[in-house]
Amino acid sequence: MSRILLGLLCFFALTAQADPILVPEVSQDEVQVRQGFTGTELLLFGAILDPSGARAASGYDIVVVLKGPASPIRVREKEQIGGIWMNAASTDFRSAPSYFAVASSAPIDQIVDDRTAAIYELGTRFIQLSPSGAIDPEEQERFTAGLVALREGQGLYEQKTGGVTISEDVLYQARLSLPSSVTTGTYTAETFAIANGRVIASAVAKIEVRKVGFERAIEDFSRSWSFLYGLMAVGLSIAMGWMAGRLFALV
């Protein structure tokens, strides 16, 4: 009996070790946001190897998911009332990524089923937003689609089918763009190797997006002295309005 158990343990150990290993890299692990920042492009690349370090077996796909810092958000739905567009229903999400991009070597629905895609958030359709309070599933789906469409228009959410290229069944690379309006913080780039509808390997790389120079000084001041920063902002707005009024009066 003990020999059978020992044999089963060895079998499972060898089976676990048979899965390939992902070795991910990012073109830059820090993005500095300065005055005049117009966005940047990140190159995410790497290799997939078997545990011995040799070339892994072919027949896999690669999906890269890049996510920015998450924060709560309220989504409002506009409705036309009496010919005027007004805010109507709304819902709150506890955790919505400020940036979300997916690149894949093939269409997601050809790589995995919806259940696996939802578990690993493999696509903008499968973003886990965590609604606050009870919400009807159809209503949640409508608000989620609205948020995704809004941020896609802002360049903050993106899904690139065929955005990953694989060379010689070993090396892969994907290019994803960060727009000028990106939120600062820690970004996670998670890479998945998938074969026969199953995630066989995954790895995570981190990227820091931070402000530097004058923008960093303003950000630090607004956090450390929020009340004074608010007074200065109001004062500046009043002064600019007064100056504009004087200029128009002279014309």
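Once the gyration tensor of the Cα atoms in region 91-176 is diagonalised, the equivalent ellipsoid follows with semi-axes of 28, 15, 10 Å, ordered largest first. Between Glu152 and Ser181, the simple label model (points 7 Å from Cα in the Cβ direction) yields a spacing of 1.6 nm. The peptide list 22-31, 181-190, put in order of mean Cβ contacts within 10 Å with the highest first, becomes 181-190, 22-31. Model label sites at Ala145 and Glu77, defined 7 Å from Cα along the beta-carbon direction, differ in position by 1.1 nm. A probe of 1.4 angstrom, applied to the heavy atoms of all protein chains, finds Glu77 with accessible area near 60 square angstrom.
At a temperature of 37 °C and a viscosity of 0.692 mPa s, determine how fast region 17-211 diffuses translationally according to Stokes-Einstein, using the Kirkwood radius over alpha-carbon pairs as Rh; express D in µm²/s, rounded to the nearest whole number. Taking Rh from Cα pairs, D becomes 182 µm²/s. Using R0 = 35 Å, the C-beta based FRET efficiency linking Ser90 and Ala118 works out to 0.90. Residues in region 116-131 carry Karplus couplings, in order, of 5, 4, 5, 4, 9, 6, 8, x, 5, 6, 10, 5, 8, 9, 6, x Hz; the curve used is 6.51 cos²θ - 1.76 cosθ + 1.60 with θ = phi - 60°, and Gly or Pro positions show x.
The values are calculated or read from the model by the stated rules, or taken from the named source; none is laboratory data. As the structure is a prediction and not an experimental result, all values here were calculated from the model. Please note: Cβ atoms are built from the backbone with ideal geometry, for glycine as well, and neighbour counts cover all protein chains shown. In case anyone asks, the SASA skips ligands and DNA or RNA and just uses the protein heavy atoms, side chains included. Shrake-Rupley method; radii C 1.70, N 1.55, O 1.52, S 1.80 Å.
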